[in-house]
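Worksheet for the structure shown next.
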Amino acid sequence: MTDDILTAQKRHLARLLEAIQRCAYFLYQSEQRIQWPLAGETLTTRKKDVDLFETLAAINERFAKLQDSLATAMRHCAYLAGEPSDNFLKVLGFFEKEAVITSREDWQRCRAARNLAAHDYDTDYLETAEHFNTLHQLSGILYATSERFLAFCETQLGVLPISDDFSQEFQSIT
């Protein structure tokens, strides 16, 4: 029975790894629809462009979803690795020590940027453009963290994504 529990826990992590790949893929695809850097004047001129603002909304959502998926998987992975996982700062500390994340500050910077978007309903298009330019810059941190995290899971726990459905695309993104 113990082997069945461990197998089930590793299978759960494998599903989370595929979710990370999927989130990275969709965030990347949404980012490709925007010409970076985004200018405030562009948003002002195109303030009624539904396609543009739907893409920006998708970037907000997908950035947050990628970071949330990473956090969930990191906590579960730390648990499987026998590390403290009751406090997420401990999880971040473990993965910083393992060089999966570059720093807790980078992680928290990503978190702060995405949280600002969730609570900001401003019509200052210059600030909005700056926000999305920041998310675009920070997404590189999430892509790189995702790549290192998947490598860690494979080498340390022998766990790969549950399927290869997004593996090729994920590899080309990262």
**Q.** Lone unmet requirement of (1) among the β-branched types (Val, Ile, Thr); (2) crowded, with 17+ Cβ neighbours inside 10 Å; (3) assigned to a helix (DSSP H, G or I) for Thr155
**A.** (2)
**Q.** Residue list for region 53-72, filter: over 11 Å from the mean Cα position of the chain (by Cα) and among the small types (Gly, Ala, Ser)
**A.** Ala57, Ala58
Q: Only residues that are open to solvent by 70 Å² or more (accessible area, probe 1.4 Å) and among the hydrophobic types (A, V, I, L, M, F, W, C): list them for region 4-21, please.
A: Ile5, Leu6
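I want to confirm something. Restricting to region 92-116 and keeping residues that are under 13 Å from Phe152 (Cα atoms) and among the β-branched types (Val, Ile, Thr), which single residue is surrounded by the fewest Cβ atoms within 10 Å (Cβ to Cβ)? Please lay out each step first, then the result.
Filtering region 92-116 for residues under 13 Å from Phe152 (Cα atoms) gives 94-101.
Of the ones still in play, those that are also among the β-branched types (Val, Ile, Thr) are 100-101.
Numbers: Val100: 23, Ile101: 25.
Taking the candidates together, the pick is Val100.
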Q) Any idea which of Thr72, Thr42 is assigned to a helix (DSSP H, G or I), out of contact with any Lys or Arg (no Cβ under 9 Å at 6 or more places or on another chain), under 16 Å from Cys110 (Cα atoms) and open to solvent by 10 Å² or more (accessible area, probe 1.4 Å)? A) Thr72
Q: Could you run through region 77-91 and say how many residues are assigned to a helix (DSSP H, G or I) and surrounded by fewer than 21 Cβ atoms within 10 Å (Cβ to Cβ)?
A: 5
Q | Subset of region 22-36 [under 20 Å from the mean Cα position of the chain (by Cα), open to solvent by 30 Å² or more (accessible area, probe 1.4 Å) and of a type outside the set (Phe, Trp, Tyr)] | A | Arg22, Gln29, Gln32, Arg33
Q. Exactly one of (1) surrounded by fewer than 19 Cβ atoms within 10 Å (Cβ to Cβ); (2) in a helix (DSSP H, G or I) is unmet by Lys47. Its number?
A. (2)
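Quick test for you: out of Ala99, Ala151, pick the one residue that is out of contact with any His (no Cβ under 6 Å at 6 or more places or on another chain) and within 14 Å of Leu17 (Cβ to Cβ). Reasoning before the result, please.
Values: Ala99 fails: within 14 Å of Leu17 (Cβ to Cβ).
From the options Ala99, Ala151, the qualifying one is Ala151.
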Q: Looking for whichever is small (Gly, Ala, Ser), without any contact (Cβ under 8 Å) to a residue 40 or more places away in the chain and under 17 Å from Ala19 (Cα atoms) here; the options are Ser167, Ser172, Ser146, Ser163. Which one fits?
A: Ser172
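The values are calculated or read from the model by the stated rules, or taken from the named source; none is laboratory data. This is a predicted model, so every value here is computed, not measured. All Cβ positions, even for glycine, are placed from backbone atoms using ideal geometry, and neighbour counts span all protein chains on display. Note: accessible area is taken over every heavy atom of the protein model, side chains too, but ligands, DNA and RNA are not part of it. Shrake-Rupley method; radii C 1.70, N 1.55, O 1.52, S 1.80 Å.
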